[in-house]
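The structure appears below as structure tokens.
The values are calculated or read from the model by the stated rules, or taken from the named source; none is laboratory data. Remember, predicted model here, so these are calculated numbers, not experimental data. A quick note on method: Cβ atoms are made from the backbone with ideal geometry, for glycine too, and the neighbour counts reach across all protein chains shown.
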Amino acid sequence: MEKRLKRIEEDALNEIESARTGEELEAVRIKYMGRKGLFTDLLKSMKDLPEKERPAIGAKANEIKGKLAGLIEAKLKSLGKKGSAQEASIDVTMPGVEITRLGHKHPITQVINRVNEIFIGLGFKVKEGPEIENEYYNFEALNIPLEHPSRDVFDTFYIQDDILLRSQTSTVQIRVMEKEKPPLQVISSGRVYRPDAVDASHSFMFHQVEGFMVDKNIKFSDLKGTLSLFARQMFGKDTKIRFRPHFFPFTEPSAEVDVSCIMCAGKGCRVCRYKGWLEILGAGMINPKVFEAVGYNPEKWTGYAFGMGIERIAMLKYGINDIRLFFENDLRFLRQF
Ligand code: DAH
């Protein structure tokens with residue numbers, strides 16, 4: 001029995017020594033130490049030994065087994081360290097793992113990009129404005145005086161007395177006009193904030209796109225043409241638009257603009273509440289008071305402006321019924337776009 005053990009040990013040492021790859025080493029390990037390996041055989045045949053010889057042989061066998069396991073381990077490590085791809089188990093000719101789940105842009109970003117693309121095609125330039133603003137840009141310069149009831153609609157979060165989170169992107173009109181001279185064609189998007197209770201169609205933070213044009217002799221028909229072209233590119237070539245009279249402090253006259261329902265093409269369905277129309281934005285001719293605030297001569301310059309909620313557009317475009325989904329970061333939702 002002892003001789004047999006000795007021979008097994010010697011053979012195993014030789015085979016470990018001459019193994020060149022991780023796979024060969026694994027084969028050696030299985031041959032000797034596997035469930036049906038030579039050591040298992042040997043230990044099983046111990047029952048034929050006289051009772052008093054068994055413990056010594058058993059101990060010896062386990063000792064050798066432990067030593068061999070250690071050697072295999074050490075050799076595996078040294079093979080790995082040499083980084084010998086060919087020698088170890090990496091087949092460099094194997095095709096790579098295909099990456100099937102690349103990240104992509106958030107649906108809100110996708111809609112902003114699409115809106116920008118359409119207006120850039122019409123000669124607009126993309127500008128940015130700050131989310132942290134003061135009362136002047138969010139209200140006064142846009143003809144929303146402190147005591148005027150229209151301020152309620154645009155109420156927001158205050159950081160300090162005069163410092164607030166903008167509640168509309170119309171602030172960018174003032175920021176750009178103060179710095180630049182007409183003619184101007186500007187589009188600007190970003191976050192806005194309002195202290196609204198959160199539900200399926202309200203969020204205390206959402207995104208708007210603001211657009212405006214200033215030049216000589218700009219007419220309401222220019223606004224109509226531009227928005228109608230936008231609606232057709234955004235929602236499909238048969239989309240119609242409709243203007244309803246409305247009030248905004250920074251435009252005069254002002255309108256709310258609807259598109260023919262993109263679900264039922266105006267026939268009436270649940271999405272448009274059987275009206276055939278969906279409201280998508282506010283617009284109008286820039287109020288002379290706004291021009292005065294930025295030092296433009298209202299006798300000389302004319303212009304239009306419009307503003308729309310991005311979430312609303314995205315919800316209509318993709319048939320999403322809850323605004324909260326955009327901000328929960330649930331990948332099962334986001335992966336669909
Ligand atoms: N700022 C308005 C809002 O937040 C949207 C808007 C309406 C923007 C009319 C405009 C405009 O530029 O002319 O509800």
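Values computed for the structure shown
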| item | result |
| --- | --- |
| The listed residue being among the charged types (D, E, K, R) and touching a residue at least 12 places away in the same chain (Cβ under 8 Å), out of Arg242, Arg232 | Arg242 |
| Residue, surrounded by the most Cβ atoms within 10 Å (Cβ to Cβ), within region 201-224, restricted to residues that are within 27 Å of Ala314 (Cβ to Cβ) and in contact with a Pro (Cβ under 9 Å, 6 or more places away or on another chain) | Met213 |
| Positions within region 146-188 being of a type in the set (Ser, Thr, Tyr) and within 12 Å of the ligand (Cβ to nearest atom), in sequence order | Ser150, Thr156, Ser167, Thr169, Ser170, Thr171, Ser188 |
| Enumeration of residues in region 1-11 that are in a helix (DSSP H, G or I) and in contact (Cβ under 8 Å) with a residue 40 or more places away in the chain | Glu2, Leu5, Ile8, Glu9 |
| Enumeration of residues in region 283-322 that are more than 30 Å from Tyr136 (Cβ to Cβ) and of a type outside the set (Asp, Glu) | Ala314, Met315, Leu316, Lys317, Tyr318, Gly319, Ile320, Asn321 |
| Residues that are farther than 30 Å from Leu142 by Cβ and within 33 Å of the chain's Cα centre (by Cα), drawn from region 266-282 | Gly266, Cys269, Arg270, Val271, Cys272, Arg273, Gly276 |
| Test: residue in region 260-282 that is modelled with pLDDT of 95 or more, within 11 Å of the ligand (Cβ to nearest atom) and within 16 Å of Ser221 (Cα to Cα) | yes |
| Region 12-39 residues that are closer than 25 Å to Ala59 by Cβ, paired with ones that are exposed (fewer than 15 other Cβ atoms within 10 Å of the Cβ) and at pLDDT 85 or above (beta carbon under 7 Å, 6 or more apart) | Met33/Ala69; Gly37/Ile30 |
| Some residue of region 320-330 being assigned by TED's automatic domain parsing to the domain that holds Tyr136, modelled with pLDDT of 95 or more and within 16 Å of the ligand (Cβ to nearest atom) | yes |
| Test result for Leu42, part of a helix (DSSP H, G or I) and modelled with pLDDT under 85 | yes |
| Tally, over region 303-319, of residues that are under 19 Å from Leu227 (Cα atoms), away from the ligand (no atom under 16 Å from the Cβ) and over 18 Å from the mean Cα position of the chain (by Cα) | 1 |
| Answer from Glu252, Glu256 - the residue that is more than 20 Å from Ser189 (Cα to Cα), charged (D, E, K, R) and within 12 Å of the ligand (Cβ to nearest atom) | Glu252 |
| Single unsatisfied condition, Phe291 versus (1) within 13 Å of the ligand (Cβ to nearest atom); (2) more than 23 Å from Gln233 (Cβ to Cβ) | (1) |
| Scan of region 127-156 for residues that are in contact with a strand residue (DSSP E or B) (Cβ under 8 Å, 6 or more places away or on another chain) and surrounded by 14 or more Cβ atoms within 10 Å (Cβ to Cβ), ordered by number | Lys127, Gly129, Glu131, Glu133, Asn134, Glu135, Asn138, Ser150, Thr156 |
| Inter-residue pairs, beta-carbon under 6 Å, first farther than 17 Å from Ser203 by Cα and in region 326-337, second surrounded by 11 or more Cβ atoms within 10 Å (Cβ to Cβ), 6+ apart | Phe333/Leu325; Phe337/Pro107 |
